[in-house]
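Single-structure report; data block below.
The values are calculated or read from the model by the stated rules, or taken from the named source; none is laboratory data. Computed from a predicted model, the values in this text were never measured in an experiment. Here the Cβ positions follow ideal geometry from the backbone for every residue, glycine too, while neighbour counts run over all protein chains shown.
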């Protein structure tokens, strides 16, 4: 899409008009939601089955669903870190707790995917309320580490003392039942729908994905979301403006917990399983890596980061020789991104396309840079 | 509980506290004086454990070393205990210059993220080179069983305290006293304290704070390296131990109150006591206990036990 507009810009004066239109359109809520729908429609196909493209990615449908769920997780996490500036190193607590709550509810009370997912979400919110009372009194690193401590506490709690309920490291199995009693989630379509979306489970997850994107866009565009941002930029000033900072942090924390809980519930439905490893610190670490790698505070960033992470974990992992090094490569690129380019992959892309709009300046800048490099190498 | 039981219990508590303390002390000083949060401190513990292993014994490893057969010097436990901190001291200097220094002026969260990335990368590197299965330290004869002194044999009441635990506790006690003395009596310690109070002012008065900070960073590193050898011989050694030790250590530093060495010591002792009590009463809660303790303490005192900003107190 952006490639077309770039080509247009070379045509002449009319291009200025088209750039402005594009700039206006791309920031509207409707455009964002529509592109998320388009993304869900095409993602699995492009990743796993489309000619040429899928040969490059070597993906498969199951991984596409996992990526969508983790994208929801990353979006929820980003709402707290990217928007509000609170780095939680323990977001696995919401993911794992929601997963367990969903599984336990399905096994002991009532098994219906939609209800189960909502129960997971509510459990995460309940945990959010309790942990916020402790966490929101702390700042920056203290907040991060104590969040990690709470998550680790829950991990070890679920692993041994609560083994009767959680089945410890064996985990819980959830039988799959039809959605609302009629829609079979495993049902595979034929024809165009089958090619694009494959089965009902993908549609089920996809709808939640679009809903989360819509909700987060709404928050970002609203005055309410702007208050989150102002807390990130300067908490003291926000308080001086007469706003109750604690209340807004609490709201952001709960919203984040709810979205992450949704992802946890979906994960339980998707894998038909809930296990203790979803509470482990590595889950919290993974989500930090994904979000920061993709680009903090943006909508596309966390999704791209999740994709890159799972591309490495699911696909590169299988490569001969190189597969052994996937996590090393990933963690090194994460470190490099934080070190040198805090805007992440999405930031690089937008900067690059912005530079492309003015090709002449890009050319002179590149020349300048090359000119800078050469004599320095000779003189010193 | 018999006297033997009590002594055994105390030494479990103290040895666990000692290990945490050796790692947390470096973290606490660097966090308190340089305002630098260093998750990569776990790398030093990890490196200490593996370098000690290479010095002490010669083992068959998995991973890239799988083909190489027996790898290691096999000099025994004492050389490992002495040489490893020296190696890690040098590693600490390198880490301060190339990783920590560029980040002193940056946001705390950036520091946390970068050092987290480095820790994960280092753990993965170790896993690739040494394999993912655990290794055990060879324990020399004199380290197993109860302590036995040359003349009097096993002191009364000490039969339940294993030698390795006694060694860990005594070493830690000496090293912690050394660091307190360093802060209180040496010129370098004074410079670190001045630099902590107001780095710019200290520099204007002609005190070079860079060197003392580097030294204290490297000393903290050497302590963590030593903890790696000791921890490796108490528990087993895997590529994941860096993260496993750094989480409780960070929690202890925050629980004790950042910048307060005394708080860190108290925090570590409490954690060890809690650990040993849980082992005795509710074994399933053993590993969750320290986090429960931290949650309780920080609920009651959000700024930690000693909410002090002065280092060396």
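A few remarks follow.
- Among (1) in a loop (DSSP other than H, G, I, E, B); (2) within 10 Å of chain A (Cβ to nearest Cβ) - the single one residue B:292 does not satisfy: (1)
- 3 or more residues over 27 Å from residue A:62 (Cα atoms) and touching a strand residue (DSSP E or B) at 6+ places or on another chain (Cβ under 6 Å): qualifying helices (runs of 4 or more DSSP H) within region A:81-189: none
- Verdict on residue B:298 being assigned to a helix (DSSP H, G or I), within 14 Å of chain A (Cβ to nearest Cβ) and farther than 27 Å from residue B:165 by Cα: yes
- Test set (1) assigned to a helix (DSSP H, G or I); (2) away from chain B (no Cβ under 13 Å) - residue A:293 fails condition number: (2)
- Leading residue by the ranking (modelled with the highest pLDDT) among those in region B:55-82 that are surrounded by 19 or more Cβ atoms within 10 Å (Cβ to Cβ) and assigned to a helix (DSSP H, G or I): B:55
A quick yes/no check of all residues on (1) part of a helix (DSSP H, G or I); (2) buried (at least 18 other Cβ atoms within 10 Å of the Cβ); (3) over 18 Å from the mean Cα position of the chain (by Cα):
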{"position": "B:165", "(1), (2), (3)": "yes, yes, no"}
{"position": "B:170", "(1), (2), (3)": "yes, no, no"}
{"position": "B:175", "(1), (2), (3)": "yes, yes, no"}
{"position": "B:178", "(1), (2), (3)": "yes, no, no"}
{"position": "B:183", "(1), (2), (3)": "yes, yes, yes"}
{"position": "B:189", "(1), (2), (3)": "yes, yes, yes"}
{"position": "B:193", "(1), (2), (3)": "yes, yes, yes"}
{"position": "B:200", "(1), (2), (3)": "yes, no, yes"}
{"position": "B:203", "(1), (2), (3)": "yes, no, yes"}
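- Given (1) in contact with a helix residue (DSSP H, G or I) (Cβ under 7 Å, 6 or more places away or on another chain); (2) within 14 Å of chain B (Cβ to nearest Cβ), index of the condition residue A:133 fails: (1)
- Exactly one residue out of A:158, A:151 is more than 8 Å from every other protein chain (Cβ to nearest Cβ), under 25 Å from the mean Cα position of the chain (by Cα) and either surrounded by fewer than 15 Cβ atoms within 10 Å (Cβ to Cβ) or modelled with pLDDT of 80 or more (or both): that is A:151.
- Output for region A:296-335, where each listed residue is out of contact with any helix residue (DSSP H, G or I) (no Cβ under 8 Å at 6 or more places or on another chain) and part of a helix (DSSP H, G or I): A:318
- Qualifying residue in region A:196-212 (condition: on the phi > 0 side of the Ramachandran plot and more than 25 Å from the chain's Cα centre (by Cα)): no
- Which numbered condition residue A:272 fails, given (1) out of contact with any helix residue (DSSP H, G or I) (no Cβ under 6 Å at 6 or more places or on another chain); (2) surrounded by 13 or more Cβ atoms within 10 Å (Cβ to Cβ); (3) not assigned by TED's automatic domain parsing to the domain that holds residue A:57: (3)
- If you go through region B:226-263 and keep only what is within 12 Å of the chain's Cα centre (by Cα), within 14 Å of another protein chain (Cβ to nearest Cβ) and surrounded by 24 or more Cβ atoms within 10 Å (Cβ to Cβ), you end up with B:242, B:245, B:246, B:248, B:249, B:250, B:252, B:253.
- Of the residues screened, residue B:139 is one that is in contact with a helix residue (DSSP H, G or I) (Cβ under 7 Å, 6 or more places away or on another chain), at pLDDT 70 or above and not in a helix (DSSP H, G or I).
- Filter result for residue B:270 (under 14 Å from residue B:295 (Cα atoms), at pLDDT 90 or above and more than 11 Å from every other protein chain (Cβ to nearest Cβ)): yes
- Of the set (1) in contact (Cβ under 8 Å) with a residue 24 or more places away in the chain; (2) closer than 27 Å to residue A:26 by Cβ, all apply to residue A:331 but (2).
- Here residue B:72 clears all of (1) under 26 Å from residue B:163 (Cα atoms); (2) within 14 Å of chain A (Cβ to nearest Cβ); (3) over 17 Å from the mean Cα position of the chain (by Cα) except the condition numbered (2).
- Considering only residues in region B:279-289 that are within 16 Å of residue B:10 (Cα to Cα) and buried (at least 17 other Cβ atoms within 10 Å of the Cβ), the one that is farthest from the other protein chains (Cβ to nearest Cβ) turns out to be B:279.
- Checking each residue in region A:190-214 for being buried (at least 16 other Cβ atoms within 10 Å of the Cβ) and either without any contact (Cβ under 8 Å) to a residue 12 or more places away in the chain or assigned to a loop (DSSP other than H, G, I, E, B) (or both) picks out A:198, A:203.
- Taking helices (runs of 4 or more DSSP H) as the structural unit, those lying wholly within region A:219-289 and holding at least 1 residues that are touching a residue at least 40 places away in the same chain (Cβ under 8 Å), closer than 20 Å to residue A:63 by Cβ and out of contact with any strand residue (DSSP E or B) (no Cβ under 7 Å at 6 or more places or on another chain) correspond to A:245-271.
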